[in-house]
């Protein structure tokens, strides 16, 4: 599978799920969910959806909601995307923001 095609598939999946989450997904009040990335295998059998949750104390609750409804999201993608085979989705917490904050704190400590 070409990298260009894979990148387009990742982008389509991210766009469709992001739009769906904005309109349809009910999350606990004052919780923000962001899809930070999508990574699909070359054989199109699996895709990892990287998500960021704010506030952090809601992370496990939101991931639980996503995992319970994964089949529903899979069905949604099957209907929306014009593909012969839509990959099975799984949700993974993206800790990049937390790690960046930790590094920034360490750099500030070094400065002072």
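Every read-out reported here was derived from the displayed coordinates using simple, explicitly stated rules and does not represent laboratory data. Since the structure is predicted, the reported quantities are computational estimates derived from the model, not experimental observations. All Cβ positions, glycine included, derive from the backbone under ideal geometry; neighbour counts span all protein chains shown.
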So, with points 7 Å from each Cα along the Cβ direction, the residue 45-residue 78 label distance in nm works out to 1.8 nm
Quick calc: nm separation of the 7 Å Cα→Cβ label points for residue 111 and residue 34 -> 2.1 nm
The distance between the Cα centres of segment 1-68 and segment 79-112, in whole Å, is 11 Å
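Return the percentage of antiparallel bridges among DSSP beta bridges fully within segment 3-111, rounded to the nearest 5 %. Let's see the in-between values first.
Working: 8 of 14 bridges.
Approximately 55 percent, going by the DSSP bridge assignments.
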Under 19 Å by backbone N from the virtual spin label 7 Å along Cα-to-Cβ at residue 56, the residues of segment 87-112 are 92-110
In cubic angstrom per residue, the convex hull of the chain built on its Cα atoms measures 121 Å³
Helix 96-111 sits off the longest principal axis of the Cα atoms of the chain, rounded to the nearest 10 on a 0 to 90 degree scale, by 20 degrees
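How much of the calculated P(r) for segment 69-111 lies past 12 Å, in percent of all Cα pairs?
Values: 632 of 903 pairs.
The share of Cα pairs beyond 12 Å in segment 69-111 comes to 70 percent.
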In Å, the Kirkwood hydrodynamic radius from C-alpha pairs for segment 7-50 sits at 11.4 Å
